[in-house]
Amino acid sequence: DPEEKEVVDEVLLTLMRSPRTYTREDIVEINCHGGPLPLRKTLELGLKLGARLAKPGEFTRRAFLNGRIDLTQAESVLDVIQAKTEEALMIAANGLRGRFSEEILFLKEQIVDLVSSLEAEIEFPDEEIPAPSRDTRKKQLRRILTKLDSLIEMGETAALYREGIKAVIIGRPNVGKSSLLNALLDRERAIVTCIPGTTRDTIEESINMKGFPLCIIDTAGLGVTGDVVNQEGIKRAHSSINHA
């Protein structure tokens, strides 16, 4: 600390020169000890000396604007960070490496080739330009459509791994909803008693179901209104059902 003339921590400074950095800009990283106080003090000193906090996603935005990554790779960064299962992480990592971008680029080239050939034949009918037969063009178009269907399916699968499945346990009071939740989690998460209406609020937990993040929501028993608290619990149960 230059003002107090005190040593806050011993740190490691790493200078990385452009363009071989994440943002293709010169970057300096400060690695300090991982305790909350050294981190906070190091950050405060940096801000005091003229640095500023990065905006959410700013480094990824800079990487995109500087041509380091494309839009699909930029979207994959958040998917990597938020991945809840190994399968979701692998899909996101493939996107980050540009696998999906390569598929899109290949498809674009196929479409451009087909359209260019058709336009040349239409615009210059008198020129002796070798043109594929109608059957050949149909095969090209079918391959493009098949690839499009494959990419759509890939996107839907990736979304399922990324967002997961939300399942709501509903039923009348004291029929075993909370017991089912505990059994699926393999631990005592919800209180279970023989008294109807023990669960009054929604309880959310996530498990890994063969690679898919499964969000399980336990709800208050339906059918018996009871007091104001029970009524609010039933209201929240219905809200959860609408989002399942």
task = Would you please name the residue that is modelled with the highest pLDDT, looking only at residues in the stretch 152-166 that are surrounded by 13 or more Cβ atoms within 10 Å (Cβ to Cβ) and more than 14 Å from G211 (Cβ to Cβ)?
result = K166
task = Find the residue count for the stretch 87-110, including only residues that are basic (K, R) and surrounded by 14 or more Cβ atoms within 10 Å (Cβ to Cβ).
result = 1
request  = Take E44 and decide whether it is surrounded by 11 or more Cβ atoms within 10 Å (Cβ to Cβ) and within 30 Å of D70 (Cβ to Cβ).
outcome  = no
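Suppose the filter is in a loop (DSSP other than H, G, I, E, B), surrounded by 13 or more Cβ atoms within 10 Å (Cβ to Cβ) and not assigned by the TED database to the domain that holds M209; does K84 pass it?
In short, yes.
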remark   = Among strands (runs of 3 or more DSSP E) completely within the stretch 117-232, the ones holding 3 or more residues that are over 30 Å from M90 (Cβ atoms) are none
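Evaluate the following for L53: is it at negative phi, exposed (fewer than 12 other Cβ atoms within 10 Å of the Cβ) and part of a helix (DSSP H, G or I)? Reasoning before the result, please.
Details: at negative phi: yes; exposed (fewer than 12 other Cβ atoms within 10 Å of the Cβ): yes; part of a helix (DSSP H, G or I): no.
Considered against the rule, which asks whether it is at negative phi, exposed (fewer than 12 other Cβ atoms within 10 Å of the Cβ) and part of a helix (DSSP H, G or I), L53 comes out as no.
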ask   = Can you tell me which of D113, D135, D126, D149 is surrounded by 10 or more Cβ atoms within 10 Å (Cβ to Cβ) and over 28 Å from G211 (Cα atoms)?
value = D113
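Identify the residue in the stretch 205-230 that is surrounded by fewer than 14 Cβ atoms within 10 Å (Cβ to Cβ) and at pLDDT 75 or above and, among all such residues, is nearest to D79 (Cα to Cα).
Initially, the stretch 205-230 is screened for residues surrounded by fewer than 14 Cβ atoms within 10 Å (Cβ to Cβ), giving 210, 223, 225, 227-229.
Within this subset, residues satisfying the condition of being at pLDDT 75 or above are 210, 228.
Details: K210: 18, V228: 40 Å.
Only one residue fits best here, namely K210.
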ask   = Is it fair to say E75 is among the acidic types (D, E) and either exposed (fewer than 13 other Cβ atoms within 10 Å of the Cβ) or more than 30 Å from G211 (Cα to Cα) (or both)?
value = no
query = E6: in the same structural domain as K147 (by the TED database) and not basic (K, R), yes or no?
reply = no
query = When residues of the stretch 175-187 are filtered for being surrounded by 18 or more Cβ atoms within 10 Å (Cβ to Cβ) and either more than 12 Å from I217 (Cα to Cα) or of a type in the set (S, T, Y) (or both), how many remain?
reply = 1
ask   = Of the residues that make up the stretch 11-29, is at least one on the phi > 0 side of the Ramachandran plot, within 30 Å of the chain's Cα centre (by Cα) and in contact (Cβ under 8 Å) with a residue 12 or more places away in the chain?
value = yes
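The values are calculated or read from the model by the stated rules, or taken from the named source; none is laboratory data. All of these numbers come straight from a predicted model, not from anything done at the bench. Please note: Cβ atoms are built from the backbone with ideal geometry, for glycine as well, and neighbour counts cover all protein chains shown.
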